[in-house]
Amino acid sequence: MKHKIIVTGGCGYIGSHTVIALIENNYDVVIIDDLSNSSDQILNRISKITSKRPTFEKVDLKDIQATNQVFEKHKNADAVIHFAAHKAVGESVQQPIKYYQNNLYTLINTLAAMAKHHINKFIFSSSATVYGIPQTLPITENNQTQRPFSPYGNTKKIAEEIIEDVVRSNTKMLAISLRYFNPIGAHESGWIGELPSGTPNNLMPFITQTAAGLREKLMVFGNDYPTKDGTPIRDYIHVVDLAEAHALALKRLLDRKVENSFEVFNIGTGEGYSVLEIIKAFESISGVVLKYEITERRAGDVPQLYADINLAKEKLGWTAKRGLKEMISSSWKWEENLRKNKNQLY
Ligand code: WQD
């Protein structure tokens, strides 16, 4: 009997890659997505890649009634993986209420619907941003979480605290929070990838759009940080490695291998690269010379963030398999595909 998994936000960047990993691991998948930051075209892409089309429910999880109806319909689900959230750091600073409403209402309504329909295994899409400015490096799961700079990051920190309280109140519930470092890259097929709406906030899509001639140049936000070349260091992780981490976390929950009812894992490579290193790597992999300019620091950026990933290795049996070359070449292939088949892809 196949396990049935509900994936909220499953039409998004990380969600869609995770849906593919779940299908490849023989799960039945139900995607719940409001398509506010994605397209249902992704369903065609997923079925093109896996030759299976996940069940799709277009629901805004801020709507309590609609949420309960869809969970009633799929009450035989074995677990929920929750991606549904807004994720633009800069936008969250401008519109905190939009972010607290969306990211917390969707979480709370999902948890309430799970409790009502006795679905009690939950995986949460969290972020290394909950560590704030790290006290020590590499960052372990025991690092103190601090109030993140952005409302986006704070919704992730508050969400984890809500989940912990709900798990504590319900002895049957088990939850895992995965704290992503910097997801980049795309599925090797080039059929799915990151689709930022408007001007990209993140480094990699801005690089590929600049190289594709869609942006005039890349602004490098500061080169006066206390790092090897003055630019900030991040732990970039291939989105397919990240997707596979979700499948392993799900197995841990379904097999009841957890040691605590609420567990947290860092998902990164443990390797840090500076912005200038990423630029140089992109140029040598793509053969495109990137136009960039060093500008002022961006508010809220920290000098270095990279993970200690021993806990995920030991408990999930997971490590990243894909290196920087594959992260960058798959990002570039996706961008080139977007330009070539724009009318077909989305
Ligand atoms: C990486 C580095 C920038 C753009 C955020 C969120 C995190 C997750 C990933 C959602 C930084 C520099 C960037 C540009 C630049 N988001 N940069 N020019 O800020 O590490 O993490 O995105 O899940 O939760 O906090 O990622 O890609 O924005 O920036 O110089 O145009 O690239 O200063 O040093 P970040 P990023």
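The values are calculated or read from the model by the stated rules, or taken from the named source; none is laboratory data. All values derive from a computational prediction rather than experimental measurement. Ideal geometry is used to build each Cβ from the backbone, glycine not excepted, and the neighbour counts take in all protein chains shown. Remember, those area values only see protein heavy atoms, side chains included, never the ligands or the DNA or RNA. Shrake-Rupley method; radii C 1.70, N 1.55, O 1.52, S 1.80 Å.
Side notes on the structure shown:
- Selection from region 196-209 of residues that are buried (at least 20 other Cβ atoms within 10 Å of the Cβ) and more than 9 Å from the ligand (Cβ to nearest atom): THR208
- Within region 31-94, helices (runs of 4 or more DSSP H) holding 3 or more residues that are at pLDDT 95 or above and of a type in the set (A, V, I, L, M, F, W, C): 41-50, 64-73
- Restricted to region 278-297, and to residues there that are touching a strand residue (DSSP E or B) at 6+ places or on another chain (Cβ under 8 Å) and in a loop (DSSP other than H, G, I, E, B), the residue that is most open to solvent (accessible area, probe 1.4 Å) is GLU296.
- Scanning region 310-337 for residues that are modelled with pLDDT of 95 or more and in contact with a Gly (Cβ under 6 Å, 6 or more places away or on another chain) returns MET327, SER330, SER331, LYS333, TRP334.
Table: residues versus (1) touching a Leu at 6+ places or on another chain (Cβ under 7 Å); (2) charged (D, E, K, R).
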{"position": "LYS62", "(1), (2)": "no, yes"}
{"position": "HIS74", "(1), (2)": "no, no"}
{"position": "ALA84", "(1), (2)": "yes, no"}
{"position": "ASN102", "(1), (2)": "no, no"}
{"position": "THR110", "(1), (2)": "yes, no"}
{"position": "ALA115", "(1), (2)": "no, no"}
{"position": "SER127", "(1), (2)": "no, no"}
{"position": "GLN135", "(1), (2)": "no, no"}
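- Set side by side, the residues ASP235, ASP229, ASP165 differ, and just one is open to solvent by 20 Å² or more (accessible area, probe 1.4 Å), within 15 Å of the ligand (Cβ to nearest atom) and of a type outside the set (Lys, Arg), which is ASP229.
- If the condition is being farther than 14 Å from VAL302 by Cβ, in contact with a Ser or Thr (Cβ under 8 Å, 6 or more places away or on another chain) and either among the charged types (D, E, K, R) or in a loop (DSSP other than H, G, I, E, B) (or both), then region 118-159 contributes LYS156, LYS157.
- Residue in region 77-95 that is on the phi < 0 side of the Ramachandran plot, crowded, with 18+ Cβ neighbours inside 10 Å, hydroxyl-bearing (Ser, Thr, Tyr) and over 16 Å from the mean Cα position of the chain (by Cα) present: yes
Residue-wise test of (1) in contact (Cβ under 8 Å) with a residue 24 or more places away in the chain; (2) touching a strand residue (DSSP E or B) at 6+ places or on another chain (Cβ under 8 Å).
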{"site": "ALA299", "(1), (2)": "yes, no"}
{"site": "PRO303", "(1), (2)": "yes, yes"}
{"site": "LEU311", "(1), (2)": "yes, yes"}
{"site": "GLU314", "(1), (2)": "no, no"}
{"site": "ARG322", "(1), (2)": "yes, yes"}
{"site": "LYS325", "(1), (2)": "yes, no"}
{"site": "TRP332", "(1), (2)": "yes, no"}
{"site": "GLU336", "(1), (2)": "yes, no"}
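- Those residues of region 168-179 which are open to solvent by 10 Å² or more (accessible area, probe 1.4 Å) and either under 16 Å from the mean Cα position of the chain (by Cα) or within 13 Å of the ligand (Cβ to nearest atom) (or both), in sequence order: ARG179
- Some residue of region 47-62 being under 19 Å from the mean Cα position of the chain (by Cα), under 26 Å from LYS251 (Cα atoms) and not small (Gly, Ala, Ser): yes
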